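A short worksheet on the structure shown next.
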Amino acid sequence: MVRIILHGANGRMGRIISGICKEDPDTEIAAGIDTEDLGLDSYPVFTDITKCDVPADAVIDFSTAKAVDGVLDYCVKRRLPLALCTTGLSEEQLKKVDEAGKKIAVLKSANMSLGINTLFDILQKAAKVLAPAGFDIEIVEKHHNQKLDAPSGTALALADVIREALDQPYEYKYDRSKERKKRDPSEIGISSVRGGTIVGEHDVIFAGTDEVIEIRHTSYSRSVFGKGAVEAAKFLKGRTAGIYDMRKVVEAR
């Protein structure tokens, strides 16, 4: 049994994770933390993180960037592993995450989906074969019209794993509208679409001479991120220090 403290318990992802844990016999939400206690669940919800003294094996954080400093301090003080799912952190906060990783286990990933993190390995294998053969690489990501950042963190992570697999130092190209010139073969194009209620769709295109290979991942609901976060908490139980990502969770399965 993995006992979890859920930071951001009343948020959209917090509600999803609560539902997932109710159906998972191997996990239990020991306590929640949020700005107010709405009385939505049987577990206690603390409005002040420093007051939460419930025994637990790991913390899952799905909150806001401004709340991350507090949860990092809390986990370090209590020596609790942390699945850090909040994005949009500042450079200063990212440094703080690295410092925390010297004292506790911290799992941080641009995307918590098990599918996306399995896709990373597939893309690396494909890139090693196709890029040297002259295939151009393009990424198109689509999200709902409320998403603030572009390109998505996942699109950048996909580009990063492709670049890791290749010897050539590929550059990222986000906007070609101001340039009138041929495509540089040493670039990875990244395009963003924002509209409606699209949860998340990422297409990686390998375009060669007379043939095209497209690899797509589609998220139909946010539950895929919640399931990944719960699996991350299971992975973290008993780990004492270090920085991890979801690829480690996939490898451990």
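The values are calculated or read from the model by the stated rules, or taken from the named source; none is laboratory data. Since the structure is predicted, the reported quantities are computational estimates derived from the model, not experimental observations. Here the Cβ positions follow ideal geometry from the backbone for every residue, glycine too, while neighbour counts run over all protein chains shown. With ligands, DNA and RNA removed, areas are computed over all heavy atoms of the protein, side chains included. Shrake-Rupley method; radii C 1.70, N 1.55, O 1.52, S 1.80 Å.
Values as computed for the structure displayed
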quantity: Carbon plus sulfur fraction of accessible area for the chain, probe 1.4 Å, in percent; calculated: 49
quantity: FRET E, pair Y172, E251, Förster distance 30 Å, beta-carbon r, rounded to 0.05; calculated: 0.70
quantity: Fraction of antiparallel bridges per DSSP, the stretch 151-233 only, in percent to nearest 5; calculated: 75
quantity: The chain, dipole about Cα centre (Lys/Arg Cβ +1, Asp/Glu Cβ -1), debye to the nearest 20; calculated: 180
quantity: Accessible area per residue, Å², the chain with all protein chains present, probe 1.4 Å; calculated: 52
quantity: For the chain, with +1 on Lys and Arg beta carbons and -1 on Asp and Glu, the positive-most of A56, M1, I205 along the dipole; calculated: A56
quantity: Count of lysine pairs in the stretch 147-253 with Cα separation under 17 Å (8 or more residues apart, or interchain); calculated: 6
quantity: Length added when fully stretched, K66-V54, from 0.36 nm per residue minus Cα-Cα; calculated: 2.0 nm
quantity: Residue-by-residue Karplus 3J(HN,Hα) for the stretch 101-111, coefficients 6.51, -1.76, 1.60, Hz, glycine and proline x; calculated: x, 7, 10, 9, 7, 10, 10, 10, 8, 5, 8
quantity: Cα-centred dipole magnitude for the stretch 14-89, charges only on beta-carbon of K, R (+1) and D, E (-1), debye, nearest 20; calculated: 240
quantity: Protection proxy ranking, peptides 22-29, 229-236, 185-192, average beta carbon neighbours within 10 Å, highest first; calculated: 229-236, 185-192, 22-29
quantity: Antiparallel bridges, percent of DSSP beta bridges restricted to the chain (to nearest 5); calculated: 35
quantity: For V193, distant residues with modelled amide H under 5 Å away; calculated: E141, K142, H143
quantity: Long-range HN-HN contacts of F46 with modeled amide H, under 5 Å; calculated: G32, I33, D34
quantity: Amide H contacts under 5 Å for L82, placed H, 5+ residues apart; calculated: V59, A105, V106, L107
quantity: Ranked by how many other beta carbons lie within 10 Å on average, peptides 136-149, 55-68 from highest; calculated: 55-68, 136-149
